[in-house]
Amino acid sequence: MPWRGKSMKFVKMHGLGNDFVFIEEKNNKDKNYADAARRLCDRHTGVGADGLIVVDDSDVADVAMRIINADGSEAEMCGNGIRCFAKYVYDTGIMQTDTFTVETGAGIMRPKIAALTDGKAELVTINMGRPVFERNAIPMTGKDGTVINETLVVDGKTYKITALLLGVPHTVTYVGDLASVDVTGLGPLFEHHPDFPKKTNVNFTQVIDDKTVAVRTWERGAGATLACGTGSCSAAVASYLNGYTGRSVDVCLALGTLHIDYDENDGNVYMTGPASVSFTGEIEG
């Protein structure tokens, strides 16, 4: 454990039910947090969370974020996580402006505090950057080009998928009735499909109308989560590419809604949604 032999203060936060344990540690870029994440994120013997987020200084941005999944693997980015991160650093005074930069494994992100309640961040808008559609960059095996409405055979059944990279790899497949989908059964089969050499997140998506979709996500390294920010963004982009929606989409999740804008001018994806504190505490090392 990074803090073996001493106690560590933490904050438990969530973005529409996608939950994280936050700790502050300086100069942590070379530290291995796999064991700490597995311990803290365990829902029976630890705090319980989908991931561990570490707050650090940065040489290239205003502040740095590391996200370690519940299984100990490290993720490049997390959409709900970075909204919570933005609230954390704003509410604690680490950042004192409503816009700032965050160093992540997927590059520099630029959150904006979009709404306050009693001086605390309530809504956060994140510029998630431009999605990457090239198959080799996702990465996905096969011929060069994009993966839009392409056939994928999973456990003997054929699915139509759209795949892209938005900080982390995402696969979107459309369903008629989201409530009937066995996310925990199908999710691992997509995640570990041999066509995805670095595995993938999978977003089961139901189109409600031309401005609204509903999504349930199986996250690589975390399992079925109540919300996934990068997954919601990916589902919105894929829905536009497939002609189901426009560029401005509300994504309905288990506990609420994210608003996603796929900007026509700069090609970036903007996500707006809430971030909340669950509780604070201290754990022994």
Can you tell me how many residues within the stretch 22-42 are under 17 Å from VAL11 (Cβ atoms) and open to solvent by 20 Å² or more (accessible area, probe 1.4 Å)? 3
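Rundown of residues vs (1) within 27 Å of GLY119 (Cα to Cα); (2) assigned to a helix (DSSP H, G or I), yes/no style:
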| residue | (1), (2) |
| --- | --- |
| ASP35 | no, yes |
| ARG38 | no, yes |
| HIS44 | no, no |
| ALA49 | yes, no |
| VAL55 | yes, no |
| ALA61 | yes, no |
| ILE68 | no, no |
| ILE82 | yes, yes |
| LYS87 | yes, yes |
Residue under evaluation THR141, criteria (1) on the phi < 0 side of the Ramachandran plot; (2) crowded, with 16+ Cβ neighbours inside 10 Å, criterion not met: (2)
When the stretch 262-272 is examined, which residues are found to be open to solvent by less than 30 Å² (accessible area, probe 1.4 Å), under 17 Å from ARG83 (Cα atoms) and either in a loop (DSSP other than H, G, I, E, B) or of a type in the set (Ser, Thr, Tyr) (or both)? ASN268
Considering only the stretch 238-261, state which residues are touching a Phe, Trp or Tyr at 6+ places or on another chain (Cβ under 9 Å) and either surrounded by 23 or more Cβ atoms within 10 Å (Cβ to Cβ) or within 19 Å of TYR90 (Cβ to Cβ) (or both). ALA238, SER239, VAL249, ILE260
State which residue is most open to solvent (accessible area, probe 1.4 Å) when the search covers only the stretch 47-73 and only residues that are acidic (Asp, Glu) and more than 12 Å from the chain's Cα centre (by Cα). ASP59
Filter result for ALA235 (crowded, with 22+ Cβ neighbours inside 10 Å and modelled with pLDDT of 95 or more): yes
Exactly one of THR158, THR125 is under 29 Å from ASP261 (Cβ atoms), of a type in the set (Ser, Thr, Tyr) and not in a helix (DSSP H, G or I), and that one is THR125
Is there a residue being out of contact with any strand residue (DSSP E or B) (no Cβ under 8 Å at 6 or more places or on another chain) and of a type in the set (Val, Ile, Thr) anywhere in the stretch 101-118? yes
Does LYS12 satisfy the criteria of being open to solvent by 10 Å² or more (accessible area, probe 1.4 Å), in contact (Cβ under 8 Å) with a residue 40 or more places away in the chain and assigned to a helix (DSSP H, G or I)? no
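The values are calculated or read from the model by the stated rules, or taken from the named source; none is laboratory data. These numbers come from a predicted model, not from an experiment. All Cβ positions, glycine included, derive from the backbone under ideal geometry; neighbour counts span all protein chains shown. Heads up: the accessible areas ignore ligands, DNA and RNA and are worked out on the full protein's heavy atoms, side chains in. Shrake-Rupley method; radii C 1.70, N 1.55, O 1.52, S 1.80 Å.
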